[in-house]
1. Without any contact (Cβ under 8 Å) to a residue 40 or more places away in the chain and part of a loop (DSSP other than H, G, I, E, B): is that true of residue 424 in this structure?
2. Go through the residues of the range 63-85 one by one and say whether even a single one is closer than 21 Å to residue 194 by Cα, modelled with pLDDT of 90 or more, part of a loop (DSSP other than H, G, I, E, B) and within 8 Å of ligand 3 (Cβ to nearest atom).
3. Taking residue 391 as the residue in question, decide whether it is away from ligand 3 (no atom under 16 Å from the Cβ), modelled with pLDDT of 95 or more and in contact with a helix residue (DSSP H, G or I) (Cβ under 6 Å, 6 or more places away or on another chain).
4. Please go through (1) modelled with pLDDT of 95 or more; (2) away from ligand 4 (no atom under 16 Å from the Cβ); (3) over 21 Å from residue 192 (Cβ atoms) for residue 90 and return the number of the only condition it doesn't satisfy.
5. For the range 191-203, indicate whether the set of residues that are free of Cβ contacts under 8 Å to residues at least 60 places away in the same chain and away from ligand 2 (no atom under 14 Å from the Cβ) is non-empty.
6. Give just the number: which of (1) at pLDDT below 95; (2) more than 13 Å from ligand 1 (Cβ to nearest atom) does residue 111 not satisfy?
7. Mind listing whichever residues of the range 170-219 are in contact with a strand residue (DSSP E or B) (Cβ under 8 Å, 6 or more places away or on another chain) and over 24 Å from residue 416 (Cα atoms)?
8. I'd like the residue in the range 151-168 that is outside any helix (DSSP H, G or I) and touching a helix residue (DSSP H, G or I) at 6+ places or on another chain (Cβ under 8 Å) and, out of all such residues, is surrounded by the most Cβ atoms within 10 Å (Cβ to Cβ).
Ligand code: HEC
Ligand code: HEC
Ligand code: HEC
Ligand code: HEC
């Protein structure tokens with residue numbers, strides 16, 4: 001089955017190993033863009049990935065051994081200098097174009113009658129650095145896949161200046177370097193391909209044709225990528241923060257909620273409606289095990305029996321940190337998110353109502369992401385979140401398989417952060433691995449079993 005989380009399992013040991021840069025306390029490190037700027041930035045595909053702010057030079061320009069193509073990381077320079085080698089040998093982004101030419105890639109394109117996938121714009125927007133010739137400073141190959149400038153922005157204006165010993169990050173940003181040190185902007189960048197943006201979309205049609213379903217959690221996906229960098233503060237100092245994972249999770253969740261609401265607004269404005277990929281997939285795609293399956297026993301709380309629930313996984317976990325940093329806004333957000341879910345779940349809502357509710361939720365999520373950037377993330381907070389989330393077993397498990405997946409990645413991210421800070425506990429580790437097993441086969445998802453395993457996680461936390 002295409003939506004399978006097992007592949008994450010082995011990679012998490014890599015996450016733990018990589019996060020050993022650990023010692024000092026958290027530093028508030030990203031300057032926050034104003035909430036309203038973020039929420040109202042309605043981008044199109046061109047703005048999202050292909051800024052006019054400079055031209056693209058291609059990854060070959062970064063690959064020299066003396067630049068970013070070293071084999072071993074260096075410690076005497078400002079950056080590791082083996083970024084290219086990490087990307088080309090270990091990062092799936094380097095193979096994103098090649099995936100289009102696999103039997104699965106071609107099969108998807110055939111079903112959708114797109115012609116060869118590797119020539120279809122609908123695929124290339126996310127699987128390659130597909131920029132118009134006028135924006136290429138030199139010729140480069142689509143086959144390089146998702147490459148340096150897909151994330152770092154067009155380099156023609158900063159590639160020269162960034163070689164200077166006194167190059168300042170802020171100055172490079174003014175020359176078109178995308179500010180990935182800012183976690184709000186970084187998550188937005190990842191999500192443009194991993195959740196969708198105007199012109200970049202994996203909808204139910206693509207999924208039914210065979211495309212893997214999209215899911216994301218910043219800290220987990222960063223660990224799997226794997227990172228080719230050391231995390232730094234806005235002024236360029238290495239963060240050395242064992243609890244960076246808690247920060248990345250919290251800010252990532254806020255941005256993911258906002259971006260998912262913005263996607264809902266786009267779908268409600270135009271496009272097929274209701275869009276099935278907005279719903280909890282497994283409410284439709286499970287096998288019929290009745291009479292009296294766990295769904296029937298639970299009695300479909302919160303909606304009419306048989307309606308497929310909206311996928312609220314972007315809020316259900318996030319509310320725990322939202323409630324800590326700003327209970328008043330979280331209260332409002334809770335109402336807005338519940339209203340969105342209620343409307344969409346009814347299957348035939350008035351589109352303007354959905355748009356209004358989702359825009360309100362997006363604004364509130366944007367405010368929270370600003371507050372979360374200046375919040376502090378210590379061990380006490382991480383452990384409070386671990387306990388609160390694992391104690392919320394019934395609500396999380398009943399909300400559906402997508403929420404169970406987010407809960408699994410969330411507890412894993414928070415546990416790894418806490419373990420980095422010294423709180424290693426093999427029993428918690430094993431109990432979280434047990435959660436992964438329960439979402440490995442989404443169609444077999446069973447809420448009571450997942451709730452029981454969440455309680456086991458909770459019992460291991462003292
Ligand atoms: C330009 C689009 C784009 C951007 C931006 C992007 N990705 Fe991806 N990502 C992809 C595509 C396409 C794939 C699938 C690659 C393949 O063909 O296997 C992928 C795959 C991945 C995978 C592998 C998942 C797996 O199944 O093993 C991880 C992890 C990942 N991305 C993390 C990130 C992170 C973290 C960011 C932001 C820092 C990010 N991505 C930004 C397009 C993108
Ligand atoms: C919105 C961005 C987006 C679009 C558009 C898109 N993809 Fe993807 N694709 C991804 C991401 C992200 C992944 C990785 C998903 C993951 O593992 O979490 C992926 C994974 C895949 C994979 C699986 C790769 C692997 O090794 O597991 C194939 C095949 C694929 N895409 C083909 C296509 C085709 C064909 C099209 C066009 C019809 C297309 N994609 C359009 C983002 C996109
Ligand atoms: C999927 C997105 C993605 C791709 C592809 C990518 N990077 Fe990165 N890169 C990041 C993120 C996120 C960071 C961490 C934030 C930061 O330091 O800017 C980063 C950090 C870096 C850093 C450290 C910057 C610093 O000031 O410490 C360098 C150097 C770098 N990348 C070079 C490259 C090169 C060269 C390539 C291509 C071979 C590449 N990156 C491809 C996302 C990406
Ligand atoms: C409202 C019900 C509904 C929801 C929600 C839904 N689907 Fe579907 N799905 C369908 C229907 C109907 C088909 C077409 C079945 C057919 O033609 O036999 C389908 C087809 C598919 C197929 C191809 C079927 C096959 O035999 O392989 C896949 C894969 C799929 N959906 C995945 C998903 C994923 C992933 C999600 C969530 C992101 C999702 N679906 C959400 C109803 C739904």
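1. yes
2. No, that holds for no residue.
3. The answer is yes for residue 391.
4. All conditions pass for residue 90, except number (1).
5. No, the range 191-203 contains no residue that is free of Cβ contacts under 8 Å to residues at least 60 places away in the same chain and away from ligand 2 (no atom under 14 Å from the Cβ).
6. Answer for residue 111: the failing condition is (1).
7. 192, 193 - these are the residues of the range 170-219 that are in contact with a strand residue (DSSP E or B) (Cβ under 8 Å, 6 or more places away or on another chain) and over 24 Å from residue 416 (Cα atoms).
8. 154
The values are calculated or read from the model by the stated rules, or taken from the named source; none is laboratory data. Since the structure is predicted, the reported quantities are computational estimates derived from the model, not experimental observations. Note that each Cβ is placed from the backbone with ideal geometry, even for glycine, and that neighbours are counted across all protein chains shown.
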